[in-house]
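Structure first, then comments.
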Amino acid sequence: MERITCAEARPAYRLWLRFTDASEGEIDLSHLVGRGVFASWSDPARFAQVKVDPVTRTVCWPGGIDLDPDVLYARVTGKPVPGADAMATSRAS
């Protein structure tokens, strides 16, 4: 499982990420703004406070907001989320 090594907030609620395997790319998180725990992102300055947690190696924001690094990796690289096929198979059984 790859983890995040670097993150940078970009305009329009986009997030640039680099992972431990050197994959990098940008994702659009604008669809989350103002919803539930992401309400604080209505202020772009709050979104810009993104950091990489040194323990979990995923992105986080003040207030306990974080995002799953496996899902972010899949969105950046286009690769499937690890274990997603196994979960789909077990639910179909």
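Residues in the stretch 20-36 that are of a type in the set (A, V, I, L, M, F, W, C) and assigned to a loop (DSSP other than H, G, I, E, B): Ala22, Leu29, Val33. The residue list Arg57, Arg46 contains one member that is at pLDDT 95 or above, of a type outside the set (A, V, I, L, M, F, W, C), over 15 Å from Met1 (Cβ atoms) and surrounded by 12 or more Cβ atoms within 10 Å (Cβ to Cβ), which is Arg46. Take the conditions without any contact (Cβ under 8 Å) to a residue 24 or more places away in the chain, over 16 Å from Val71 (Cβ atoms) and exposed (fewer than 12 other Cβ atoms within 10 Å of the Cβ) and apply them to Ala39. Does it pass? Considered against the rule, which asks whether it is without any contact (Cβ under 8 Å) to a residue 24 or more places away in the chain, over 16 Å from Val71 (Cβ atoms) and exposed (fewer than 12 other Cβ atoms within 10 Å of the Cβ), Ala39 comes out as no.
Take the residues in the stretch 37-62 that are assigned to a strand (DSSP E or B) and of a type in the set (A, V, I, L, M, F, W, C); name whichever of them is nearest to the chain's Cα centre (by Cα). Applying the filter and picking the extreme gives Val59.
The values are calculated or read from the model by the stated rules, or taken from the named source; none is laboratory data. Predicted model, so just to flag it, every value in this text is computed and none were measured. As a convention, Cβ positions derive from the backbone with ideal geometry for all residues, glycine included, and neighbour counts pool all protein chains shown.
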